[in-house]
Amino acid sequence: MLAGALLGGYPAGAQTVAPGPYYATPSWDQQLPAASRFVVLANWNLEAVLDRETGLVWQRQPAETALAHAAAHTACMLVRTGGRGGWRLPTVDEIGSLLDTTPAAAGSGLPIGHPFMGVAGVAFQTATHEFSSDGTFAVFVQRVGPNADLLSAIPSIALRYWCVRGGANAQHVRGRN
């Protein structure tokens, strides 16, 4: 019975302390209803959220500190959210996977009923960066909220960051000619 409940649809903000599986094999082509997409992980001190659509685990509440890119990268590597290491800066595509552009989500830019705290209206730096033909380096920044837009910034500017766990764990570089 418990295994069936774990595989069934959790309401948004649902919590569990049971060991997985909490989700079907993640696939970027699936689209889950918001009510069953996110699971707050109680066995991680309620500090982390599993996105059942992508298989990524997100900090439930990002740090409120703004750091330069290198410091944010290091901070994610050192953080122990939920008592676990292995965190990193997300790519633009990963943060983008959380965004909901439907009119119903216009207030926060995230699916209705999402369990995250302190993310709406914030521009988060990402691991995605680019080098221009003159060798300058820029970091992509994704704003979460009704005015979700993609920006670029020089790495020395202090910006907020939101750590993620799982996935490819690879730097994402875009070249520009």
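The values are calculated or read from the model by the stated rules, or taken from the named source; none is laboratory data. Computed from a predicted structure; not experimentally measured. Cβ placement follows ideal geometry from the backbone for every residue including glycine, while neighbour counts extend to all protein chains displayed.
Out of segment 39-84, which residues are touching a strand residue (DSSP E or B) at 6+ places or on another chain (Cβ under 6 Å) and polar (S, T, N, Q)?
Residue satisfying the conditions is Thr81 alone.
Please specify each residue of segment 94-111 satisfying the condition of being surrounded by 15 or more Cβ atoms within 10 Å (Cβ to Cβ), more than 18 Å from Ala48 (Cβ to Cβ) and not small (Gly, Ala, Ser).
Answer for segment 94-111, where residues must be surrounded by 15 or more Cβ atoms within 10 Å (Cβ to Cβ), more than 18 Å from Ala48 (Cβ to Cβ) and not small (Gly, Ala, Ser): Leu99, Asp100.
Inside segment 129-175, counting only strands (runs of 3 or more DSSP E) that do not spill past its ends, which hold 3 or more residues that are at pLDDT 70 or above?
137-143, 150-153
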